[in-house]
Amino acid sequence: ELEENEEEGGWGASEEESYVNERGLGESAPKKPMEPKPGQAADVRVTEEELKKMSWVQVAAWLESMDISPEVIEKMETVGVTGERLAQESPQALKDEFEMSSLQAKRIALNIIKAEVTPGG
């Protein structure tokens, strides 16, 4: 008699599990990187060296990850801004050339980790 009850309990649990999966909350939920909650920034910083190696496509994806406006990204795409070029631009130059806000230009500049210049290194 006890065995039957255990089986029923097991069945009930699996039914619940499949319900959870149907709602997309269980294992069947798509596996994707955790997106930051609003107000919690993703770490999108890159070193100057990494940036210089980026193609236009990589630069566009990086700008997108920082919520730079699509219009600005489109303007940069038209010119074909590579990481090499972006690494050399000042926030003011970015603002002027690509008509982005000060905030966007600063966001780009702040996410480029400048190499520390050490004597003899």
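Could you tell me which residue of the stretch 84-97 is least open to solvent (accessible area, probe 1.4 Å), considering only residues that are out of contact with any Asp or Glu (no Cβ under 9 Å at 6 or more places or on another chain) and over 18 Å from Val46 (Cα atoms)?
Ala93
Of the numbered conditions (1) without any contact (Cβ under 8 Å) to a residue 40 or more places away in the chain; (2) under 14 Å from Ala60 (Cα atoms); (3) open to solvent by less than 100 Å² (accessible area, probe 1.4 Å); (4) not in a loop (DSSP other than H, G, I, E, B), Ile108 fails exactly one; give the number of that condition.
All conditions pass for Ile108, except number (1).
Of everything in the stretch 65-90, what is over 15 Å from Leu51 (Cβ atoms) and either of a type outside the set (A, V, I, L, M, F, W, C) or at pLDDT 95 or above (or both)? Give them in sequence order. First the steps, then the outcome.
So in the stretch 65-90, the residues over 15 Å from Leu51 (Cβ atoms) come out as 67, 69-75, 77-80.
Within the stretch 65-90, Asp67, Ser69, Pro70, Glu71, Val72, Ile73, Glu74, Lys75, Glu77, Thr78, Gly80 meet the criteria.
For the stretch 38-83, how many residues are outside any loop (DSSP other than H, G, I, E, B), among the acidic types (Asp, Glu) and open to solvent by 80 Å² or more (accessible area, probe 1.4 Å)?
Pass one, the stretch 38-83, residues outside any loop (DSSP other than H, G, I, E, B): 46-52, 56-65, 70-79, 83.
Still in the running and among the acidic types (Asp, Glu): 48-50, 64, 71, 74, 77.
Of the ones still in play, those that are also open to solvent by 80 Å² or more (accessible area, probe 1.4 Å) are 49-50, 64, 71, 74, 77.
So the count comes out to 6.
The values are calculated or read from the model by the stated rules, or taken from the named source; none is laboratory data. Only a predicted model underlies this, so the values are computations on that prediction, with no experimental measurement involved. Because the Cβ atoms are built from the backbone with ideal geometry, glycine has one as well, and the counts that use them run over all protein chains shown. Surface accessibility is based on the protein's heavy atoms, side chains included, excluding ligands, DNA and RNA. Shrake-Rupley method; radii C 1.70, N 1.55, O 1.52, S 1.80 Å.
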